[in-house]
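Presented below is the structure to which this report refers.
The values are calculated or read from the model by the stated rules, or taken from the named source; none is laboratory data. Just so you know, these numbers come straight off a predicted model, no measurement behind them. Using ideal geometry, Cβ is built from the backbone for each residue, glycine included, and neighbour counts are taken over all protein chains shown. Heads up: the accessible areas ignore ligands, DNA and RNA and are worked out on the full protein's heavy atoms, side chains in. Shrake-Rupley method; radii C 1.70, N 1.55, O 1.52, S 1.80 Å.
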Amino acid sequence: MSYLDLSYRPKNDLVCEFCIEPAKGLSVKDAAEHIAGESSIGTWTEVSTSTPRIQKMAAKIFSIKGNHVRIAYPQELFEPGNMPQIMSSIAGNIFGMKAVENLRLEDIQFPKDIAKSFKGPEVGLDDLRKITGIKGRPILGTIYKPKLGLDPKEMEELAYKVYSAGLDYTKDDENLTSMSFNKFEDRVQRILSVTDRIKSEQARTVVYAANITAPAQEMLRRAQFVKDHGGKCIMIDIMTAGWSGLQYIREQNLGLIIHAHRAMHAAITRNPKHGISMLSIAKAARLIGVTALHTGTVVGKMEGPKEEVMAIDSFLKSDFYRLKKVMPIASGGLHPHLVPDLLKILGTDIVITFGGGLWGHPGGPESGVRAIRQAADAAIQKIPLAEYAKTHKELAEALNIWK
Ligand code: CAP
Ligand code: MG
């Protein structure tokens, strides 16, 4: 059977946009037929069990423009509220088929009924703003560095230094969970005691994103531990924990901020010819319900084209089936010098985290915080950093070492 129907106009279907580079000897249309079959009801040959009733459920290739192909999938192919199943269909076997040299899932349009079968963020961008009380400027944070090796007592001391110097947000690194040198419970209790202390000393609610990444049952135990100790935020490495792990935690309705780190995404998203776009991943993450998501910086150390990062960030903040908005997180190789360009490109509704760009400050962590804050203040007031640095020593020191 053929899956091609160029006269078809999708209504309530889930629509995928693919970029297809067919295998040698095949046309884009031929490869698209293989993709539409394998991702819906087909296999490599006709089977006698495929009845007319089943054939009605076939995916439809309704647009081919060069290498860009759009395929509509009837909703009945999907189990509502089951992101792993949806991904197994539209982003599953097809990437490994010999019929394609390269295949990229560029975008997914989720129809209303499927979108509504997910919970979306319990705590969204606006809630994060309310919790922190920060308006009109980015939320400024850090990743404790070195990423592994610090012990809980050292982190507690560092937490006090950076929060008391004015930082809003700190987070564990993606690979810091619960190791012999740094047990989760000890770390969380200590850092949350600091956030409490800051609340009483400065009347500010500062956030600590505790990395709960682990097998699902253990993630829940850790999330509950954070909540029981008055924490407001958990971090999950959503790609390594997987859609099921993320959904499991979100669906507990714990009322916690979910900071979504995307370590490993680049194995899937980076090759512009093959894999899944970060935009598609961001859509799935918003449907399931993260509060904030790493999306890239354009100007920092991690790869991510400007137009793409801008498109992802604007999707996260756009109207999307009345789901709460998601806060983009810019992280990776950032330092004060990069802040004006970062804000110009991505706007001020953002969490910015600085690892090396804080802890590497020659004056120490407190100076690192002040330099970051000064850079953000200058950028928001549209004062050139070099000008602002004349009266702000920590910024001047930072600009001296990081260009
Ligand atoms: C940043 C970071 C993040 C990356 C990941 C790191 O630290 O904590 O994991 O930003 O990339 O370890 O590199 P630095 P992305 O500030 O020291 O670079 O946010 O693009 O997913
Ligand atoms: Mg990291």
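So, by mean Cβ neighbours within 10 angstrom, what's the order for 356-366, 138-148 with the highest one leading?
138-148, 356-366
Starting at 0 and stepping by 10 Å, how many percent of the alpha carbon pairs of the range 14-115 end up in each bin?
Values per bin, smallest distances first: 15, 50, 30, 4.
Please report, in debye to the nearest 20, how large the charge dipole of the chain is about its Cα centre when each Lys and Arg carries +1 at its beta carbon and each Asp and Glu carries -1 there.
For this selection, approximately 700 debye.
Any idea which of VAL206, HIS265, VAL188 is furthest toward the positive side of the dipole for the range 157-297, if Lys and Arg beta-carbons carry +1 and Asp and Glu beta-carbons -1?
After comparing all options, I get HIS265.
Measure nothing fancy, just the Cα-based angle from helix 152-164's long axis to the longest principal axis of the chain, in degrees from 0 to 90, nearest 10.
Around 80 degrees separate the two axes.
Label the chain by shape, choosing from rounded, prolate and oblate, from the square roots a ≥ b ≥ c of the eigenvalues of the Cα gyration tensor; if a/c is under 1.5 it is rounded, and otherwise prolate applies when a/b is larger than b/c, oblate when it is not.
Judged from the Cα gyration tensor, the chain comes out prolate (a/c at least 1.5, a/b above b/c).
Among TYR169, TYR3, what's the order by accessible area (1.4 angstrom probe), most exposed first?
TYR3, TYR169
If I compute solvent accessible area with a 1.4 Å probe over the protein chains, what percent of it on the range 26-105 is carbon and sulfur?
Whole-percent figure for carbon plus sulfur exposure: 52.
What three numbers, in Å, describe the spread of the alpha carbons of the range 78-224 along their principal axes, ordered from the longest?
That gives 60, 38, 29 Å along the principal axes, largest extent first.
May I ask you to derive the relative contact order of the range 125-401, considering only C-alpha pairs under 8 Å and at least 6 residues apart, and to give it as an integer percent?
Worked out over the range 125-401, it gives 18 percent.
Where the centroid of each part is defined by its Cα atoms, how far is the range 39-91 from the range 323-362 in Å?
40
Please compute the per residue accessible area over the chain with all protein chains in place, 1.4 Å probe, rounded to a whole number of Å².
Ligands and nucleic acids excluded, the result is 43 Å² per residue.
Assuming a viscosity of 1.567 mPa s and a temperature of 4 °C, what translational diffusion coefficient in µm² per second does Stokes-Einstein assign to the range 313-403, Rh being the Kirkwood radius over Cα pairs?
Translational diffusion coefficient: 94 µm²/s.
Towards the positive end of the charge dipole of the range 125-401, with charges on Cβ (+1 Lys, Arg; -1 Asp, Glu), say which of THR291, GLY368, GLN217 has the farthest Cα.
Selected residue: THR291.
If you average the C-alpha positions of the range 136-165 and of the range 201-264 separately, how far apart do those two centres end up, in angstrom?
Using only Cα atoms to place each centre, the spacing works out to 17 Å.
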